[in-house]
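Before any comments, here is the structure.
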Amino acid sequence: MNIFKEIISGNKYALSKGITLLESSLEKDKIKAKKLINKCLSLKEKKTIRIGVTGVPGVGKSTFINTFGQYLIEKGKKVAVLAIDPSSEESKGSILGDKTRMYELSKNKNSFIRPSPNNGKLGGLSPMTRENILLCESAGYDIVLIETVGVGQNETHIKHIIDVSILLMIPGAGDEIQGIKRGIMELADIIVVNKADGNNLVSAKKALQQYKNTSLLINNQNKWKVKTFLCSSTQNTGFNDIYKSLIDYIKYTTQNNLFNLKRINQNIFWLHYEIRSEFGNKKFNELKENKNLYKLEEKIKTSRYKRINMAEIL
């Protein structure tokens, strides 16, 4: 099988194999993975929208995506879902069971769902999430939904790979007052109070108002006013408003050139992150002082995806 040709033709099996190849730790697979990435980069860029779905454990991210993904498909979109699953500290394994909670979405021919382990990495992502997004884009998906590990105050790396962030909250959890100590609130573009149905409806409306008040205190550098909504994933309510707000956000950031600027800043963030992870702060500061860091930044600014060869830094 020519994985690249099959991926761009829309073969889901090939896309799964491609992601498995990227996530492999074998050296021979890493060589093949690099070639696959380069071939994908040779394609004309597709304007895929990358949406992060975040929230604390138990907020209903998988159920939300199951319903929202079907809604997006009804709007004529092809939807890929990358679900990040936590890895056990003891066994190092992951359940990878998110797909079972997206059963209806997984049956749709215009959807693709892939769970991946986070391998103990902080930030709510897996080590290869960025590369997996690129493969999904090359396969022709209009929207990539990234479901993070249940995140807390400091697990905010998701904002460095997405175009828009949907933060899910649940009523009655006590987070309305603290805003989860702002860390995760500050990355939200859209806040959704999920499970707003049945006996939860009254407390959900109360929580919605409190989140609206909290969002006014957050300094959003994009000048976008964070929108807040009620939603029931099981009753399929609230998704029209969420979708409209999503479209408004993309229009706003595109018209103000913030969309492209955000992706450029994301490239720079990952460059800095990789240098610090590989060589430490001492080498990073050295590169900064001798201006070589600036040269590396210029090299990757306009790239769709770029990992600097660490040999260039030594």
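Each reported figure results from applying straightforward, stated rules to the coordinates on display, with no laboratory input. Since we're looking at a predicted model, the values are computed, not measured. Positions of Cβ are generated from backbone atoms using ideal geometry, with glycine treated the same way; all protein chains shown enter the neighbour counts.
Need the full-extension length gain, F269 to K244, defined as separation in residues times 0.36 nm minus the C-alpha distance. One decimal, nm. Write out the running numbers ahead of the final one.
Values: separation 25, 0.36 × 25 = 9.00 nm, distance 2.96 nm.
Full-extension gain reported as 6.0 nm.
Amide H contacts of A83 (H built 1.01 Å from N, in plane; Pro and chain starts excluded): R114, S116, E147 sit under 5 Å, all sequence-distant by 5 or more or on other chains. Taking 0.36 nm per residue of sequence separation and removing the Cα-Cα distance, the K30/S42 pair yields an extension gain of 2.5 nm. Placing a label point 7 Å from the Cα of K109 along the Cα-to-Cβ direction, the residues of the stretch 12-28 with a backbone N closer than 15 Å are 12-13. Could you work out how far apart the two model spin labels at N199 and F279 are, taking each label as a point 7 Å from the Cα in the direction of the beta carbon, and quote it in nm? Calculated label separation equals 5.9 nm.
Which of K223/K244; K5/K34; K39/K283; K34/K262; K46/K223; K206/K227 have a Cα-Cα distance over 21 Å? Flagged as over cut-off: K39/K283; K34/K262; K46/K223. Whole-Hz Karplus values for the stretch 285-299 come out as 5, 5, 4, 5, 5, 8, 6, 5, 4, 4, 5, 5, 4, 5, 5 Hz, taken residue by residue from phi with 6.51 cos²θ - 1.76 cosθ + 1.60 and θ = phi - 60°; glycine and proline positions read x. Compared with the alpha-carbon gap, the fully stretched path from N2 to K299 is longer by 103.9 nm at 0.36 nm per residue.
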